[in-house]
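Before any comments, here is the structure.
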Amino acid sequence: MTDMYIHRSSYVEPGCSIGDGTKIWHFCHVMDGAEIGENCSLGQNVFVSGTARIGNNCRIQNNVSIYDGVTLEDDVFIGPSVVFTNVKRPRASKRGRFEKTIVKKGATIGANATIVCGVTIGENAFVGAGSVVTKDIPENMTAWGVPARIQSYGWLRREHSVPGLKDGNKVKTKET
Ligand SMILES: CC(C)(COP(=O)(O)OP(=O)(O)OC[C@H]1O[C@@H](n2cnc3c(N)ncnc32)[C@H](O)[C@@H]1OP(=O)(O)O)[C@@H](O)C(=O)NCCC(=O)NCCS
């Protein structure tokens, strides 16, 4: 933990690992054991639990909690107020088992989406704002809605594609 920025209003517990160039803005809480890579940005009011894993170059916008069981690979964008979950059928009376949620490299999750736990959001996939994700989203797909569905023109359009993505959008659709 050398070249990083932590705003003085944030509480970063001593046992976590934070990579160089990462910025942690106002009112964040990073728990003991959390691992955050290099060159990430955590916006205002972001919470990171002790077993959460965040790769390099991730951008997490305001008001997001990265709970136990959630892994963000490198280059992931999490829009403002995205909600992750980690127990599928929670009850106040008993502690549920944490399920894993994986957001693969280069994926984007739009503002205010809810991710029901136990899913994988594929490499470079794009989840539209306000979606409720209940199933895996395959790599390079754009999905949105409640529940989130891959859209008929679901492959990333060129303007949303990731620079360097092999063949841009020229990937076969399900229908072809
Ligand atoms: C998913 C997204 C990239 C699609 O953009 P697009 O390909 O330009 O799509 P369009 O705006 O042309 O919309 C196509 C249709 O899908 C609908 N649509 C688009 N995004 C939607 C969403 N998130 N939920 C439901 N419907 C959506 C539009 O209403 C439109 O419907 P219509 O054909 O009946 O008029 C974009 O809408 C989105 O959700 N971006 C995320 C923004 C965000 O959260 N940013 C966070 C940082 S501020």
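Read-outs: derived from the displayed coordinates by stated rules, not from any lab. Predicted model, so just to flag it, every value in this text is computed and none were measured. Cβ coordinates were reconstructed from backbone atoms using ideal geometry, including for glycine residues, and neighbour counts include every protein chain displayed.
General observations
- Once backbone amide H atoms are built at 1.01 Å from N, Trp144 has Gly128, Arg149, Gln151 as its partners under 5 Å, excluding neighbours fewer than 5 places away on the same chain.
- Each residue in Leu42, Leu72 was given a count of other beta-carbon atoms within 10 angstrom of its own, and listing them fewest first yields Leu72, Leu42.
- 10 Å binning of all Cα-Cα separations within region 56-145, expressed as whole percents from 0 upward: 19, 55, 21, 4
- Where trypsin sites (Lys or Arg not before Pro) fall in DSSP loop in region 1-89, at most 11 other Cβ within 10 Å: Arg8
- Other-chain or far-sequence residues with amide H under 5 Å of Arg59's (modelled H): Ser41, Val76, Phe77, Ile78
- Proximal charge balance of Gly50 [Cβ under 13 Å; K/R count +1, D/E count -1]: -3
- Neighbours of Met31, meaning other residues whose beta-carbon lies under 10 angstrom from its beta-carbon, give a summed charge of -3 when Lys and Arg score +1 and Asp and Glu score -1.
- Across region 20-31, computed HN-Hα scalar couplings (Karplus, 6.51 cos²θ - 1.76 cosθ + 1.60, θ = phi - 60°) run 4, x, 7, 10, 10, 7, 5, 6, 8, 9, 10, 7 Hz from first to last residue, x flagging Gly and Pro.
- Amide H contacts under 5 Å for Ile137, placed H, 5+ residues apart: Thr120, Ile121, Gly122
- Rounded to the nearest 20 debye, dipole of region 1-148 from Cβ charges on Lys, Arg, Asp, Glu: 780 debye
- Karplus-derived 3J(HN,Hα), 6.51/-1.76/1.60, for each residue of region 47-57, Hz, glycine and proline x: 10, 10, 7, x, 10, 5, 10, 10, x, 8, 6
- Rough spin-label spacing in nm, given labels placed 7 Å along Cα→Cβ, for Arg91 and Tyr5: 4.8 nm
- Values of log10 I(q)/I(0), in the order q = 0.14, 0.16, 0.18 Å⁻¹, for region 1-155 under a Debye, Cα-only, solvent-free model: -0.64, -0.82, -1.01
- In terms of its alpha-carbon gyration tensor, region 1-89 comes out rounded; the largest-to-smallest axis ratio a/c stays below the 1.5 threshold.
- Each of Asp74, Asp3 was scored by other Cβ atoms within 10 Å of its Cβ. Arranged with the fewest first, they read Asp3, Asp74.
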